Amino acid sequence: MRTIWTIAKREYDNYFNSPLAYVVAFSIVLPVGIYFSLIMYVSAQQSMMGGPPPDSTPINWLFVFLMIFLSPALTMRLLSDEARMGTLELLLTAPVRDFELVAGKFLGAFLFVLTIALFTLIFPIIINNFVTPGIDWKVIIASYIGLVLVCGALLALGTGISAIFTNQFAAFFVTFGLFFFLWFMVNLPANYLQQGGDVYNYLSLSQHFSSMNRGTIALGDIVYYISLIALGLFAGTTAIEIRRWR
Amino acid sequence: MIKVSGLTKDYGARRAINNLKFDAQQGEIVGFLGPNGAGKTTTMRILTGYMPPTDGEAIVAGYDVVEESLEVRKRVGYLPETVPLYTDMTAFDYLKFMGELRHIPNVDDRVEEVLDMVGLIDRADGYIGNLSKGMRQRIGLAQALLHRPEVLILDEPTIGLDPGQVVEVRELIREIGKERTVLLSTHLLNEAQNICDRVLIINKGKIVAEDTTENLQARLIGAERAVLRVRGESDDDLVKTIRAIKGVQAVETKDDGMVEFEFASGKDVRPEVAKQVIKSGYDLLELRPIGMSLEEIFLELTGSDSKNK
């Protein structure tokens with residue numbers, strides 16, 4: 001556990017020295033902030049005519065949506081760059097288990113994204129001050145649990161794919177391709193099938209998140225995301241092991 | 001200590017090392033000599049637990065490199081040939097990171113200690129990317145020494161260093177080698193002669209010779225050689241004069257005007273050669289012995305050279 005933490009800490013610190021990480025953070029926070037302003041503006045107008053109070057959950061939806069496109073940039077070089085620079089040899093000859101290396105890399109990226117997510121907490125807090133008797137925090141908490149789980153799944157899969165490649169751009173495009181498929185496409189057959197379409201819906205990243213974002217936490221959703229995290233870490237660990245045997 | 005038997009590694013269809021067998025005791029510095037592609041790095045990578053062998057067994061510091069890889073890695077210090085470093089970290093942060101991975105207590109103090117050992121304490125806060133090749137090499141060495149390993153495996157430790165640093169690093173290795181096991185690879189015979197107690201010569205994945213450097217040279221050379229230079233052209237008369245001297249076995253004029261001659265070990269004919277050359281009216285400018293270079297020893301051992309005909 002200590003080894004995982006050491007690797008995660010270095011990776012986390014590394015993001016703050018990386019221009020790309022700032023670009024990613026900015027590309028999430030800026031659209032999310034603008035979206036928030038729009039929500040506030042629209043509900044301010046509507047509330048004069050007795051419309052619904054402002055709702056902050058669409059913000060998390062946008063956050064997750066942007067992560068589909070941007071998180072591959074955060075994970076692409078995690079392990080591919082170690083292989084390219086030869087520093088993988090250093091880590092693999094230190095007393096570090098292959099799993100600890102992959103998990104540490106994942107955790108570093110995960111903590112970085114959580115740091116960005118922490119900034120967005122300000123939006124529901126602001127809305128809470130404008131709404132009487134306050135917003136429904138249960139919905140917000142469910143939404144954030146969903147957000148954390150989706151981000152975890154995306155980053156774990158990205159870390160795993162990064163371990164397969166030596167070229168970070170190859171890792172980026174494969175990761176992005178997978179996310180695009182899991183978010184937009186995997187549930188398409190469900191629309192055409194008479195029966196058995198539930199399986200495809202279950203595989204979809206977006207389906208699980210939208211239900212959580214509405215405030216319902218189902219065990220199935222949590223299992224789905226935890227499975228993806230496990231799959232990503234397992235794939236990464238296996239890829240590193242295969243590297244050794246080559 | 002290191003104990004290797006039957007070690008074999010295939011990369012696809014190519015056999016990188018073939019049935020290696022050797023050992024190294026505590027307090028011994030063993031040199032691993034061989035041309036590029038001979039299998040030195042492959043062997044070292046197996047011994048450090050980086051990759052498993054295709055066949056055979058290797059025990060390092062009392063543990064099997066495949067079965068108890070983690071225990072081996074705890075006890076081995078390794079300087080890879082490419083000296084991989086995180087160029088975006090400072091020397092101190094990098095060593096501290098590696099030290100934390102190895103759970104070293106009081107890691108800050110230890111990092112300062114090893115930086116001092118390799119003479120880079122004043123560069124502790126400089127980014128590794130800004131350091132010279134020689135400095136990076138020493139940072140890599142510092143990393144290998146960090147956890148006071150029982151076994152030290154160094155792949156070309158003095159490459160890229162300037163002559164002063166080479167002397168320092170060799171001194172350091174010799175010091176470490178008194179109590180621990182050191183396995184180092186090199187191209188340079190004089191380096192092996194200088195610091196190694198024993199030398200393994202490896203070629204095409206096989207050990208072709210294993211002995212002390214002195215023994216190897218003596219065994220392989222059989223005859224000693226020297227070159228001389230006279231003022232002006234070296235002509236046929238000079239060659240004839242030298243050839244006529246008793247004990248001289250072969251005389252040859254080199255392209256650069258030097259004359260090379262061979263004589264049996266232990267029967268030094270150089271004083272006689274000098275006398276005769278001067279007597280014949282030549283101005284003798286230079287007369288010196290030439291040792292057998294590592295390349296020649298290789299060629300001798302591998303029997304792949306025209307000289308062996």
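The values are calculated or read from the model by the stated rules, or taken from the named source; none is laboratory data. Treat the numbers as computed from the prediction; the structure is a model and nothing was measured. Backbone-built Cβ (ideal geometry, glycine too); neighbour counts: all protein chains shown. The protein model used for the area step is the full one, side chains on, heavy atoms only, and it has no ligands, DNA or RNA in it. Shrake-Rupley method; radii C 1.70, N 1.55, O 1.52, S 1.80 Å.
Per this entry, A:Val148 is counted among residues that are under 23 Å from A:Thr237 (Cβ atoms) and either among the hydroxyl-bearing types (Ser, Thr, Tyr) or open to solvent by 10 Å² or more (accessible area, probe 1.4 Å) (or both).
One residue alone among B:Glu81, B:Glu156, B:Glu112 is surrounded by fewer than 18 Cβ atoms within 10 Å (Cβ to Cβ) and either assigned by TED's automatic domain parsing to the domain that holds B:Pro35 or touching a residue at least 24 places away in the same chain (Cβ under 8 Å) (or both), and that residue is B:Glu112.
Just so you know, in segment A:227-244 the residues that are within 14 Å of chain B (Cβ to nearest Cβ) and open to solvent by 40 Å² or more (accessible area, probe 1.4 Å) include one that is modelled with the lowest pLDDT, and it is A:Arg243. Taking the criterion of being open to solvent by 20 Å² or more (accessible area, probe 1.4 Å), under 16 Å from B:Gly6 (Cα atoms) and in the same structural domain as B:Asp197 (by TED's automatic domain parsing), would at least one residue in segment B:22-33 satisfy it? Yes, segment B:22-33 contains a residue that is open to solvent by 20 Å² or more (accessible area, probe 1.4 Å), under 16 Å from B:Gly6 (Cα atoms) and in the same structural domain as B:Asp197 (by TED's automatic domain parsing). Filtered by the rule that a residue be in contact with a Pro (Cβ under 9 Å, 6 or more places away or on another chain) and over 20 Å from B:Ile17 (Cβ atoms), segment B:56-72 gives B:Ala61, B:Leu70, B:Glu71. Quick check: anything in segment B:210-226 part of a helix (DSSP H, G or I) and either open to solvent by less than 20 Å² (accessible area, probe 1.4 Å) or modelled with pLDDT of 85 or more (or both)? Yes, because at least one residue in segment B:210-226 is part of a helix (DSSP H, G or I) and either open to solvent by less than 20 Å² (accessible area, probe 1.4 Å) or modelled with pLDDT of 85 or more (or both). Within this structure, B:Val199 fails the test of being at pLDDT 85 or above, touching a strand residue (DSSP E or B) at 6+ places or on another chain (Cβ under 6 Å) and more than 30 Å from B:Arg14 (Cα to Cα). Within segment A:191-204, which residues are in a helix (DSSP H, G or I) and either touching a residue at least 12 places away in the same chain (Cβ under 8 Å) or open to solvent by 70 Å² or more (accessible area, probe 1.4 Å) (or both)? Passing the criteria: A:Asn191, A:Tyr192, A:Asp198, A:Val199, A:Tyr200, A:Asn201, A:Tyr202, A:Leu203. Using the structure shown, decide if A:Phe209 is touching a residue at least 12 places away in the same chain (Cβ under 8 Å), open to solvent by 60 Å² or more (accessible area, probe 1.4 Å) and part of a helix (DSSP H, G or I). Spelling it out, it is not the case that A:Phe209 is touching a residue at least 12 places away in the same chain (Cβ under 8 Å), open to solvent by 60 Å² or more (accessible area, probe 1.4 Å) and part of a helix (DSSP H, G or I).
Take the conditions (1) surrounded by fewer than 19 Cβ atoms within 10 Å (Cβ to Cβ); (2) under 30 Å from A:Gly86 (Cβ atoms); A:Ile164 misses just one of them, which is (1). For segment B:167-195, a residue qualifies if it is open to solvent by 10 Å² or more (accessible area, probe 1.4 Å) and under 12 Å from the mean Cα position of the chain (by Cα), and the qualifying residues are B:Arg170, B:His187, B:Leu188, B:Leu189, B:Asn190, B:Gln193, B:Asn194. Counting the residues of segment A:1-53 that are more than 12 Å from chain B (Cβ to nearest Cβ), open to solvent by 40 Å² or more (accessible area, probe 1.4 Å) and in a loop (DSSP other than H, G, I, E, B) gives 4. Can you spot a residue in segment A:205-219 that is within 14 Å of another protein chain (Cβ to nearest Cβ), touching a Leu at 6+ places or on another chain (Cβ under 9 Å) and within 30 Å of A:Ser80 (Cβ to Cβ)? Within segment A:205-219, not a single residue is within 14 Å of another protein chain (Cβ to nearest Cβ), touching a Leu at 6+ places or on another chain (Cβ under 9 Å) and within 30 Å of A:Ser80 (Cβ to Cβ). Could we say that B:Arg270 is out of contact with any Cys (no Cβ under 8 Å at 6 or more places or on another chain), at pLDDT 70 or above and surrounded by fewer than 12 Cβ atoms within 10 Å (Cβ to Cβ) here? Considered against the rule, which asks whether it is out of contact with any Cys (no Cβ under 8 Å at 6 or more places or on another chain), at pLDDT 70 or above and surrounded by fewer than 12 Cβ atoms within 10 Å (Cβ to Cβ), B:Arg270 comes out as no.
The residues on offer are A:Leu38, A:Leu62, A:Leu66, and the sole one that is of a type in the set (A, V, I, L, M, F, W, C) and under 29 Å from A:Asn167 (Cβ atoms) is A:Leu66.
I'm trying to understand the selection: among the residues of segment A:39-80, which are among the aliphatic types (A, V, I, L, M) and at pLDDT 90 or above? Of everything in segment A:39-80, those that are among the aliphatic types (A, V, I, L, M) and at pLDDT 90 or above turn out to be A:Leu62, A:Val64, A:Leu66, A:Met67, A:Ile68, A:Leu70, A:Ala73, A:Leu74, A:Met76, A:Leu78, A:Leu79. Selection of helices (runs of 4 or more DSSP H) fully inside segment A:87-188 by the criterion of at least 3 residues being within 14 Å of chain B (Cβ to nearest Cβ) and closer than 25 Å to B:Met89 by Cβ returns A:87-92, A:98-120.
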